[in-house]
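Read through the structure below, which is laid out as C-alpha cells, and then see the notes.
Derivation of every value follows stated rules applied to the coordinates shown; laboratory data play no part. In this text, all values refer to a predicted model and were calculated from it rather than measured experimentally. Backbone-built Cβ (ideal geometry, glycine too); neighbour counts: all protein chains shown.
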Ligand SMILES: Cc1cc2nc3c(=O)[nH]c(=O)nc-3n(C[C@H](O)[C@H](O)[C@H](O)COP(=O)(O)O)c2cc1C
C-alpha cells in the first residue's frame, strides 16, 4: 500500500473529475489516497511525502488554473529539495490550442523536476477534443502508472 497525494489544478471541474476517478481506482487497489483540491505546501508536508499525482488543466493562453498557482509559486520561489518524491502528471488540455496544448501540466512537471522530484512514467495528456471521457482514460492510465512506483 502506498500513501499518495493527488493535487488538483482546475478551473471548470474536469481535472477534479479526473482526480476523483484516480482516487477511486487507487483506493480500489488498496492505496491510501488524499485529495488536495487547494494544494498547499504546508498541508502536503513535502519533507515527509513520498508520492504525488497531479491532475491539472490549462487555461487562458497556456496558464495554470488559479487554485494551483500559489503552490507552484511556492516551489519556484523556495526550491525545496523534493528528490525523495516520485510523481505523476495528468495534464488536461485541448489540441485546438496548438501552441499551448497542456502547457500548465507541462509547467507543473518542469517545476517539480526543478526541485529534484522524479517523474514516474510519461505525462498523461488528455485532449478535450478527442477524449470526451477523460476520467475513463485516466482510470486505465493510472493502473499502469501505479505499477511503476
Ligand atoms: C478559456 C479557456 C482557455 C483554455 N486554454 C487552453 C490552453 O491554452 N491550452 C490547452 O491545452 N487547453 C486549453 N483549454 C482547454 C482546457 O484545458 C480543457 O477544456 C480542460 O478539460 C479544462 O479542464 P478544467 O475543467 O479542469 O479546468 C482552455 C479552455 C478554456 C475554457
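Return the tail of the calculated pair distribution for the stretch 83-149, meaning the percent of Cα-Cα pairs more than 18 Å apart.
Counting pairs separated by more than 18 Å, the tail of P(r) holds 42 percent.
Can you give the helix-only mean residue ellipticity at 222 nm for the chain, where every DSSP H stretch with n ≥ 4 adds -39500 (n - 2.57) and the sum goes over all residues, rounded to the nearest 500 deg cm²/dmol?
Rounded to the nearest 500, it is -11000 deg cm²/dmol.
Using the alpha-carbon centroid of each, what span in Å lies between the stretch 115-149 and the stretch 15-59?
13
Among 131, 16, 99, which one shows the biggest mean-square fluctuation in a GNM of the chain, springs joining Cα atoms closer than 10 Å?
Most flexible of the set in this elastic network: 99.
In what sequence do 63, 122 fall when counting other Cβ within 10 Å, fewest first?
122, 63
In a Gaussian network model over the chain where Cα atoms closer than 10 Å are linked, find which of 103, 95, 23 has the largest mean-square fluctuation.
Highest fluctuation of the listed residues: 95.
Which of rounded, prolate or oblate describes the stretch 3-147 when judged by the alpha-carbon gyration tensor and an a/c cut-off of 1.5?
Because a/c hits 1.5 or more and a/b fails to exceed b/c, the stretch 3-147 counts as oblate.
Pick from 82, 35, 133: which residue has the top mean-square fluctuation in a GNM of the chain where Cα pairs under 10 Å get a spring?
With Cα springs under 10 Å in the chain, the top fluctuation among 82, 35, 133 is at 133.
Looking at the stretch 3-147 only, what percent of DSSP beta bridges run antiparallel? Nearest 5 please.
5
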